[in-house]
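The values are calculated or read from the model by the stated rules, or taken from the named source; none is laboratory data. This is a predicted model, so every value here is computed, not measured. Cβ sites come from the backbone with ideal geometry, for glycine too, and all protein chains shown count toward neighbours.
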Amino acid sequence: MDIQAIIFDFEKAPDAGTRETLCKLRRRGYKLAANCACGACDVFFESNGEDVRGSFLRAAELLRVPPQECAVVESVCERLISAKDGGMAAIGVGGAQNCIYADTSIRDFSELADIFA
């Protein structure tokens, strides 16, 4: 995976530990997009429950990164399918940790710092 950007579709505002991980990723040169204002991301995108794939593609466009260079971190397996349909890498977390469509899975967001070292 040659990933340049990471897209997050948070269910709620990220906690302090997640924000710390996001800051580490930005310092390493990754561009970040989230569907909620988190203070650590480069862009905010509106999540559209009707067109999840379109929301992820819009986030990539806002970041100015081709979809194939983006990874989506998601806790819902069906949304990982949307990421894959959009040509993006899929990282399962939480409820999607065991999703067969995930390229890789993590237990929590702190593991992203290891994946994208």
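For this structure, a couple of remarks:
- From the options Ala90, Ala60, residue that is within 20 Å of Asp2 (Cβ to Cβ), at pLDDT 95 or above and not in a helix (DSSP H, G or I): Ala90
- Test: Leu57 is closer than 14 Å to Leu112 by Cβ and either in contact with a Leu (Cβ under 9 Å, 6 or more places away or on another chain) or hydrophobic (A, V, I, L, M, F, W, C) (or both): no
- Scanning the range 93-117 for residues that are of a type in the set (Gly, Ala, Ser) and part of a loop (DSSP other than H, G, I, E, B) turns up Ala102, Ala117.
Table: residues versus (1) among the basic types (Lys, Arg); (2) closer than 14 Å to Met88 by Cα.
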residue	(1), (2)
Asp15	no, no
Leu22	no, no
Leu25	no, no
Lys31	yes, no
Glu46	no, no
Val65	no, yes
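- Evaluating Gln97 against the criteria (1) closer than 16 Å to Phe10 by Cα; (2) without any contact (Cβ under 8 Å) to a residue 24 or more places away in the chain; (3) crowded, with 18+ Cβ neighbours inside 10 Å leaves one unmet condition, (3).
- Some residue of the range 100-113 being within 13 Å of the chain's Cα centre (by Cα), farther than 24 Å from Gly17 by Cβ and either of a type outside the set (Phe, Trp, Tyr) or modelled with pLDDT under 95 (or both): no
- Of all residues in the range 48-82, those satisfying the criterion of being in contact with a helix residue (DSSP H, G or I) (Cβ under 7 Å, 6 or more places away or on another chain), crowded, with 22+ Cβ neighbours inside 10 Å and free of Cβ contacts under 8 Å to residues at least 60 places away in the same chain are Val52, Phe56, Ala60, Leu80, Ser82.
- Of all residues in the range 1-27 being among the small types (Gly, Ala, Ser) and either touching a helix residue (DSSP H, G or I) at 6+ places or on another chain (Cβ under 8 Å) or not in a loop (DSSP other than H, G, I, E, B) (or both), the one that is farthest from Ala102 (Cα to Cα): Ala16
- Residue in the range 41-52 that is in a helix (DSSP H, G or I), out of contact with any Cys (no Cβ under 7 Å at 6 or more places or on another chain) and within 17 Å of Ile81 (Cβ to Cβ) present: yes
- When we screen Ala13, Ala40 for residues that are within 21 Å of Ala117 (Cα to Cα), surrounded by fewer than 20 Cβ atoms within 10 Å (Cβ to Cβ) and at pLDDT below 95, the only hit is Ala40.
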